1. If you average the C-alpha positions of the stretch B:52-83 and of the stretch B:24-47 separately, how far apart do those two centres end up, in angstrom?
2. Summed for both chains, how many Å² of accessible area, to the nearest 100, are buried between B and A with a 1.4 Å probe?
3. Determine the order of B:Leu215, B:Leu143 by accessible area, beginning with the largest, at a probe radius of 1.4 Å.
4. Inside 10 Å of the C-beta atoms of B:47-53, what's the mean count of C-beta atoms belonging to other chains?
5. Let me know the mean shielding of A:243-254 by other chains, meaning the per-residue number of their Cβ atoms within 10 Å of its Cβ.
6. Quick one: which residues, 5 or more positions from B:Ile29 or on another chain, have an amide H under 5 Å from its amide H? H modelled 1.01 Å from N in the peptide plane, none for Pro or chain starts.
7. Calculate what fraction, in whole %, of the accessible area of the stretch A:23-279 sits on carbon and sulfur atoms when a 1.4 Å probe is rolled over the protein chains.
8. Provide the FRET efficiency to the nearest 0.05 for the A:Glu68-A:Ile106 pair, computing r from the beta carbons and using R0 = 35 Å.
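The values are calculated or read from the model by the stated rules, or taken from the named source; none is laboratory data. Because the structure is predicted, anything quoted here is derived from the model rather than measured. Backbone-built Cβ (ideal geometry, glycine too); neighbour counts: all protein chains shown. These accessible areas exclude ligands, DNA and RNA; they are computed on the full protein's heavy atoms, side chains included. Shrake-Rupley method; radii C 1.70, N 1.55, O 1.52, S 1.80 Å.
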Amino acid sequence: MPAAPRKRWRRLARVTPDSVAASKMRNAITIAGKELAGYFVQPVAYVVMSVFLLLGGFFFFNMLRYFEVVLQMYTAMQNPEVLARLNLNHAVIEPLLHNLAIVLVILVPAITMRSFAEEKRTGTYELLLTAPVRTGEIVAGKFIAAAVFMLIMIGLAGIFPLILVMFGNPEIGVMMSGYIGIAFLSVSFVAIGLFTSSITQNQIIAAITCFGLLLLLYVISWPAEAGGSQFGDLLRYLSLPDHFGQMVSGIIDTRDIVYFLSVIVVALFLTQRSVESVRWR
Amino acid sequence: MIEVKNLVKSYGNVVAVKGISFKADEGAILGFLGPNGAGKTTTMRIITGFMPATSGTVLIDGLDIFKNSLEARRKIGYLPENPPLYTDMRVDAYLRFVARLRGLGRSAVDEALEHVLKVCGLEEMSHRICGHLSKGYRQRVGLAQALIHNPPVLVLDEPTIGLDPRQIHEIRELIHKLAGHRTVVLSTHILPEVSQICQKVVIIADGRVVLEEQLEKLPAGTSLEEVFLHAISKEHPEDAGRAEETLEEVGAGHA
Ligand SMILES: Nc1ncnc2c1ncn2[C@@H]1O[C@H](COP(=O)(O)OP(=O)(O)O)[C@@H](O)[C@H]1O
Ligand SMILES: [Mg+2]
């Protein structure tokens, strides 16, 4: 090879040290970009999205039909009191979001199970961990990608309230609150999924562990139903449907947001420790 | 350039590396030779900062791979035993990603990509999906990713394993060509590979160094094979005067 172009390449390729904060974000975004593009080349992502939206449509139109039947019934009975209490949000959007949340308990593990487990299995983990990148940046990158994927999916499910707005007269604020709730819920799920994927190189184990943890968050308050001890209070605080239910019914309380943010922070912290421990084992 | 000092690594009860020390000189290719299970991969994973040693350390250009990990890792290009390819990415997208990950600025990526594609003979393959490539081309992409940020140090773990004879030849040529003035550590269990492309050899067996020598300093008429077999067949490779003794004995047979 001629000497001149090689020299030029050398000079250009020399790493210019960015400011630390900027480079941290840059590495996370590089990884997030690659991960997100990766989601859309595998069929799993499309299957998950389709299942989510098709089931959502199924729930939506069923509940809408039921609402219509009830509406006609009470109109025929000329019962204005009950008619006034009938409410599109209450009858359609709330149950829709609760059902979609359950669907996410099953679908999120399928999305996140690959993230770390697959890298370990195929050996690309060695590329990631020997690159001049911090483990926190790797975790952040993967989290951003999975969270963006989820938000795209939730965004597409926004078609359902949009239909209501076009043909009915729902309370938009309450619907927004519910969608913000399911956005927080899905992003928390994703953080938990990343954690379970980081502890194994087997995708199935990652998925099942994630599924188990998410389900546990749903039922964790059951033992508290018997008594009112402090432990019971703790379990009730940890219970996911309580916090989510509040937001779905239109109440945005900082306590519920703090709850979801804590789930995210704790799960990502554990993920980072787990990735680091592979390095320091 | 690379200084490996008293590395010990145990996996639970198994001690895979039992106190390995050697130096790789700047700008030279070092052959890291040893039978399967000797601890080559383990040592290289420690050198590249993938995992820590139980004790001992590694200096890359004076930087400690544990204490100055990020700085030290910036200087290394690493090809693991299995080329670390994302099987559903295209070759060019993959190499761009690695370039960014290793700290190249956006403007430098195109040129670096063009260069490694050319050097590694991948120009025709740049739009192929990594997972669809043959083993030989995967190895080339593996070399290209190790090289893309133009590192002063290259660590290659058995780069010719699993290739057919023609591919082995091509990859060896390629390593020779891209070594340039880089410091290269190349592990192998194939003897001729060392005599063909290396300037220095470190032989390990069962987690210990049994010989560290410049190839040119091996006594005339000594075949590396004899040194190797002799070294690894010694009952207690850890005791006394290892390298010199080994050489003298083997050399004497040829005098
Ligand atoms: N992750 C691991 N867990 C437990 N033992 C391991 C692990 N990796 C390697 N070993 C053991 O360490 C020894 C050295 O392995 P390795 O470094 O892969 O040797 P080489 O690359 O020279 O073939 C072998 O006995 C191997 O079984
Ligand atoms: Mg090996």
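1. Cα centroid to Cα centroid, the span is 13 Å.
2. Buried: approximately 3600 Å² between A and B.
3. B:Leu215, B:Leu143
4. 4
5. So the per-residue partner count for this stretch is 0.
6. Amide H to amide H, under 5 Å and 5 or more residues apart or across chains, B:Ile29 pairs with B:Val184, B:Gln199, B:Lys200.
7. 70
8. 0.75
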